[in-house]
Structures are given as C-alpha cells and as structure tokens.
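Derivation of every value follows stated rules applied to the coordinates shown; laboratory data play no part. If you're wondering where the values come from, they're calculated on a predicted model, not measured in any experiment. Here Cβ is always computed from backbone atoms with ideal geometry, including for glycine, and neighbour counts include all displayed protein chains.
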Amino acid sequence: QVQLVETGGGLVRAGGSLRLSCAASGRVLSLYIMAWYRQLPGKQRELVADITSGGSTNYAVSVKGRFTISRDNANNTVYLQMNILKPEDTGVYYCNVRLDYVDYWGKGTLVTVSS
C-alpha cells in the first residue's frame, strides 16, 4: 500500500509562483512514473505533468514552459514548481502513482490564483 500526501497549495496572485510537494510512504517509488493531475472548476481531472524513474518529463500543453516536475528519490518525494501562474490554473492538484495497474492518489491540495 502507498500513501501520498500533497502540500504547498494556497492563494497566489497571477504571475506568482507556488511549489507543490508530494511525500510518499509505504513503498519506495524510485522505479515508478509519478504524476501530477489537477481538476479545474467544472472540468474533468487532467494530467499536468509526469516524470519517469530516469527523470524524463512530460507536460500538458497548457503548462509547458511554466511548470517543472522533479523528484527526490532519496526522500521519496515529487515536486511541482509552478511559475507565471494564471487564474485558469486554479483547481485541486493531485499526486499520482500507478503500481501493478492500481492508481494511488493523494487527497489533493487547492491552488487558487487571483487576477
């Protein structure tokens, strides 16, 4: 079993930055792809970014160039650095990992960007 806990959400002005953290416990996740998803108001959950065990990254078009995903395998943690935030980035951000065809999720952290 894996437990994921997101922290770092909050209120920020447009153009500002936030750094989200996802701390994992229960399993060492260094060999697995980890990801950040978000759910915007009135929208379905969508992939924001993911990162492989080797550090290769993938980003949604909407955040490319503004967000950076990274991982610290020694601490079993994944991060999402969010820069140049826009009001349309407002939503709940979730950490995710897939193990043996089962998805594990954190409870989410709310990001609110004011204009």
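If packing is taken as the average count of other Cβ atoms within 10 Å, what order do 52-63, 69-80 fall into, highest mean first?
69-80, 52-63
Would you list which lysines come within 19 Å of residue 86, measuring only between C-alpha atoms, while excluding same-chain residues fewer than 8 positions from it?
43, 64
Using just the alpha carbons, could you tell me how many Å³ per residue the convex hull of region 1-93 encloses? The partial results should precede the final answer.
Numbers: hull volume 8.8 nm³, N = 93.
Enclosed volume per residue, from the Cα hull, is 94 Å³.
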